[in-house]
Amino acid sequence: MIDTIDIKITKTSKSRVSEQDVNNVPFGKCFSDHMFVAEYAEGKWQKAYIQPYADIPMSFALSALHYGQAIFEGMKAYKNEKGEVSLFRPLANHNRLNISATRMAMPEIPEELFMGGLIELLRLDNAWIPSSETGSLYIRPFLIATDEAIGVRPSESYKFVIITCPAGKYYSEPVKVIVEQSYYRAVEGGVGYIKTAGNYGRSLYPTKIALDKGYQQVIWTDAKTHQYVEESGTMNLMFVIDNTVITPQLSDTILAGITRDSVLSLARDWGMKAEERKISVKEIFEAHEQGRLKEAFGTGTAATIAQIIAIGYNDKEYALPPVAERKFSNKVDEVLRNIRKGRAEDKFHWMFPIK
Ligand SMILES: Cc1ncc(COP(=O)(O)O)c(C=O)c1O
């Protein structure tokens with residue numbers, strides 16, 4: 001462990017920010033001027049530095065590529081009307097990254113390294129943070145195994161890197177989703193509860209089949225019976241039946257979404273009943289038939305709320321109530337935006353200001 005954080009900073013000689021309209025760049029392809037890197041070897045974090053965004057030279061034997069010791073986080077920084085910058089619940093992302101690290105036999109990242117690197121990076125790349133109403137700076141911290149050797153064993157060396165890119169609204173359109181009954185995302189005793197690269201790779205083929213059928217995402221169901229819903233695409237899943245918010249309870253097959261937790265906190269604060277429990281496909285369609293299913297949506301950092309307008313199941317498509325009528329999720333979306341933009345009271349102390 002490094003005792004005091006010593007981040008060596010090498011600034012870019014020429015910023016690229018004036019070549020972009022940061023409020024309008026396509027998501028995920030245009031990276032800010034700088035990146036943070038920390039290197040782990042011989043059982044400890046050796047050094048940390050910020051350098052101009054660049055490719056990293058690497059061996060084709062890199063262990064992350066062959067054996068999948070690769071974990072990541074997704075989080076955002078927001079700029080309010082006064083130009084002040086804040087992160088949304090960054091310590092929750094740090095905590096989740098370390099949960100992922102433990103499961104993948106990788107070293108934990110000390111808080112001072114994660115937060116110290118992130119804060120310095122945001123100070124340097126402040127001009128890359130969109131100030132538009134729905135804009136934000138997407139932050140991708142990740143940890144990869146960097147041993148250059150073939151052989152299945154935990155790597156002895158790692159790189160922890162943070163890169164960032166400007167983001168507008170991620171999913172602007174409501175989505176149609178299909179209940180997945182053949183493939184599964186996660187299994188008990190597996191790695192569904194962490195953010196490891198393989199979870200995303202394995203989801204691509206079932207999602208491609210769903211896309212070919214006209215659906216943007218799948219609803220993942222439990223691996224044993226395919227009767228209970230778990231997540232939708234890369235989002236947690238929520239339903240409003242009558243006046244109750246219902247979401248699958250956390251387990252080792254479900255990622256503990258930070259947006260999920262925030263939505264549940266808001267619901268309870270507003271006096272709504274919020275249940276975390278098993279929810280079956282049957283229960284959802286029965287509630288739909290009885291006109292009690294009011295809302296269905298995904299929650300996640302990328303979109304905050306992704307409205308689900310139709311669900312496909314057993315070759316039928318079920319249309320859900322119009323988005324405009326969805327009081328709860330529309331209010332959550334607005335309130336979270338207002339908290340992030342500094343316009344609403346941050347009563348849960350979710351915002352972490354960058355001075
Ligand atoms: C599989 C999965 N579920 C849920 C989420 C939502 O989590 P969060 O709200 O922390 O972004 C994500 C995104 O990180 C995810 O990848």
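Scanning region 229-253 for residues that are touching a Phe, Trp or Tyr at 6+ places or on another chain (Cβ under 6 Å) and either aliphatic (A, V, I, L, M) or within 12 Å of the ligand (Cβ to nearest atom) (or both) yields a total of 5.
Of the residues examined, ILE178 is one that is open to solvent by less than 60 Å² (accessible area, probe 1.4 Å), away from the ligand (no atom under 15 Å from the Cβ) and part of a strand (DSSP E or B).
Taking the options ILE150, ILE139, name whichever one is aliphatic (A, V, I, L, M), within 16 Å of the ligand (Cβ to nearest atom) and at negative phi. It would help to see each step written out before you state the result.
Details: ILE150 fails: within 16 Å of the ligand (Cβ to nearest atom).
It is ILE139.
In region 196-228, what residues are assigned to a strand (DSSP E or B) and within 13 Å of the ligand (Cβ to nearest atom)? Listed by number, the residues that qualify are THR196, GLN217, VAL218, ILE219, TRP220.
For region 17-24, check the following and say yes or no: at least one residue is outside any loop (DSSP other than H, G, I, E, B) and under 30 Å from PHE348 (Cα atoms). Working first, answer last.
Initially, region 17-24 is screened for residues outside any loop (DSSP other than H, G, I, E, B), giving 17-19.
Retained after the next criterion (residues that are under 30 Å from PHE348 (Cα atoms)): none.
Scanning region 17-24 turns up no residue that is outside any loop (DSSP other than H, G, I, E, B) and under 30 Å from PHE348 (Cα atoms).
Which of the residues spanning region 4-48 are without any contact (Cβ under 8 Å) to a residue 60 or more places away in the chain and either under 25 Å from ALA167 (Cβ atoms) or hydrophobic (A, V, I, L, M, F, W, C) (or both)? Within region 4-48, THR12, LYS14, ARG16, SER18, GLU19, ASP21, PRO26 qualify. Being open to solvent by 50 Å² or more (accessible area, probe 1.4 Å) and at pLDDT below 95 is the filter here; which residues of region 19-45 pass it? Selection gives GLU19, GLN20, ASP21, ASN23, ASN24, PRO26, PHE27, LYS29. Applying the selection to region 321-345, what residues are in contact (Cβ under 8 Å) with a residue 12 or more places away in the chain and aliphatic (A, V, I, L, M)? Correct list: VAL323, VAL332, VAL335, LEU336, ILE339.
Tell me whether region 268-280 contains one or more residues that are of a type in the set (A, V, I, L, M, F, W, C), open to solvent by less than 10 Å² (accessible area, probe 1.4 Å) and away from the ligand (no atom under 15 Å from the Cβ). Scanning region 268-280, I find at least one residue that is of a type in the set (A, V, I, L, M, F, W, C), open to solvent by less than 10 Å² (accessible area, probe 1.4 Å) and away from the ligand (no atom under 15 Å from the Cβ), so the answer is yes.
If you take the residues of region 32-59 that are of a type in the set (A, V, I, L, M, F, W, C) and in contact with a helix residue (DSSP H, G or I) (Cβ under 9 Å, 6 or more places away or on another chain), which of them is farthest from SER13 (Cα to Cα)? Filtering first and then ranking leaves TRP45. A residue that is in contact with a helix residue (DSSP H, G or I) (Cβ under 7 Å, 6 or more places away or on another chain) and either under 16 Å from ILE71 (Cα atoms) or among the aromatic types (Phe, Trp, Tyr) (or both) occurs nowhere in region 166-182.
Can you find, within region 296-319, the residue that is nearest to GLU133 (Cα to Cα) among those that are away from the ligand (no atom under 16 Å from the Cβ) and open to solvent by less than 10 Å² (accessible area, probe 1.4 Å)?
Of the residues in region 296-319, the ones away from the ligand (no atom under 16 Å from the Cβ) are 309-319.
Among the residues that remain, those that are also open to solvent by less than 10 Å² (accessible area, probe 1.4 Å) are: 310-312.
On the way: ALA310: 28, ILE311: 30, GLY312: 33 Å.
My answer is ALA310.
Which ones in region 199-258 are at positive phi, of a type in the set (Asp, Glu) and crowded, with 16+ Cβ neighbours inside 10 Å? None - no residue of region 199-258 is at positive phi, of a type in the set (Asp, Glu) and crowded, with 16+ Cβ neighbours inside 10 Å, so the list stays empty.
The values are calculated or read from the model by the stated rules, or taken from the named source; none is laboratory data. On a predicted model such as this, the values are computed, not experimentally measured, just so you know. Please note: Cβ atoms are built from the backbone with ideal geometry, for glycine as well, and neighbour counts cover all protein chains shown. Calculation scope for accessible area: heavy atoms of the full protein, side chains included, ligands and nucleic acids excluded. Shrake-Rupley method; radii C 1.70, N 1.55, O 1.52, S 1.80 Å.
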